[in-house]
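Undergrad: The structure's right below; bear with me while I get my questions together.
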Amino acid sequence: MDVHEIKARLAADKPVYGTWSHLDHTTVVEIIGAAGLDFVVFDLEHGPHSFSDLPALYAAAEGRGLVPITRVPSGGNSNILRVLDSGTKGVMVPHVEGAEASAAYLDSMSYGTRSGNRGVATLTRCSMFDYKNEKTHFARQNEQVLKLLMIEDETALSQLDDICRLPGLDVVFIGIYDLSQSLGLPGGFDNPEFQSIYRDAVRRIRAHGLAVGGYAGTAAAVPPLLDMGLRFITLCVDGAMLRRAYEEMLAQLPGRA
């Protein structure tokens, strides 16, 4: 799958599935791709990846049909620019503060005429240093970047509709862990108050014609999310999936009681 296919599936209200990358090795990425997922999110906020690791990780992902997406450590223009020029096909910004900051983040993901737009360097890995087609670089890059903003705080939630009206936004990802903490309900995902807020946010995002993203720790958690209207779903974390698989296998072996 490529980024255009992901955009097309989301536009058709069809789900796409990926996972979070915390294990810093290209072979792990290739295994995720071989398993058949659609995308992988390289986590620079909570994970160990460095900017210098990214080109090899992106290459491993695309070599196995995974769309590489990167959660930057924060929304600064430099963070966004470096992952784009390194070749990511999607940028996810955590903890957006509100509509004004969100607009600046989206501007920095695209080439344009505003002062805050993406800085220009046509001869980088994202173009494979294509010195023959520099004039078409701008349009091609703008078309092949998936733009995601994360709602993780009460402040952003209060400006959700204004954020959703911003041009260029593809996915609004609701980060339930930080959001629950911000609401004074840390980890209280089944709390009726949290569920009401969560469902209302999903409804409001979809009303603006945007895809909603979210996290599912298990396969059993996915159908309820689909019923709510989520379509961009991250499935667990690579390291946790590895541990779970071994624990489940060990639990079935004789002599382990």
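A short reminder: the numbers here are calculations on the coordinates, not readings from a lab. Bear in mind the structure is a predicted one, so any value in this text is a computation, not a measurement. No Cβ is skipped: glycine too gets one built from the backbone with ideal geometry, and neighbour counts run over all protein chains shown.
Undergrad: Describe numerically, in nm with one decimal, the distance between label points set 7 Å from Cα along Cα→Cβ at residue 113 and at residue 154.
TA: 4.2
Undergrad: A further question follows. Specify which residue in the list 124, 51, 212 is farthest towards the positive end of the charge dipole of the chain, using unit charges on the beta carbon of Lys, Arg (+1) and Asp, Glu (-1), about the Cα centre.
TA: Final value for the positive-end residue is 124.
Undergrad: What is the set of long-range amide H partners of residue 67 at a cut-off below 5 Å, with H atoms built 1.01 Å from backbone N?
TA: 39, 40
Undergrad: Mean-square fluctuation check for the chain, GNM, Cα pairs under 10 Å: which of 179, 226, 57 is largest?
TA: 226
Undergrad: Still on this structure, I have one more. About the Cα centre of the range 3-251, how large is the charge dipole given +1 on each Lys and Arg Cβ and -1 on each Asp and Glu Cβ? Please answer in debye to the nearest 20.
TA: The calculation lands at about 820 debye.
Undergrad: With springs connecting C-alpha atoms under 10 Å apart, model the chain as a Gaussian network and identify which of 153, 190, 85 has the largest mean-square fluctuation.
TA: In the Gaussian network model the winner is 190.
Undergrad: May I ask you to derive the relative contact order of the range 3-251, considering only C-alpha pairs under 8 Å and at least 6 residues apart, and to give it as an integer percent? Walk me through the intermediate numbers first.
TA: Values: 448 pairs, mean separation 47.0, N = 249.
Result for the range 3-251 is 19 percent.
Undergrad: Could you tell me which of 232, 185, 63 has its Cα farthest along the dipole of the range 3-251 towards the positive end, charges placed at Cβ (Lys, Arg +1; Asp, Glu -1), taken about the Cα centre?
TA: 63
Undergrad: Between the range 134-168 and the range 59-75, what is the C-alpha centre distance in whole Å?
TA: Result: 17 Å between the Cα centres.
Undergrad: Would the range 108-221 count as rounded, prolate or oblate if I go by the C-alpha gyration tensor, calling it rounded below 1.5 in a/c and otherwise prolate when a/b exceeds b/c, oblate otherwise? Please report the intermediate quantities before stating the final value.
TA: On the way: a/c = 2.92, a/b = 2.32, b/c = 1.26.
Prolate is the answer for the range 108-221, as a/c is 1.5 or above and a/b outweighs b/c.
Undergrad: Which residues does the label zone of residue 193 cover in the range 79-102, counting backbone N under 18 Å from a point 7 Å along Cα→Cβ?
TA: What the label zone holds, given the 18 Å backbone N cut-off, is no residue at all.
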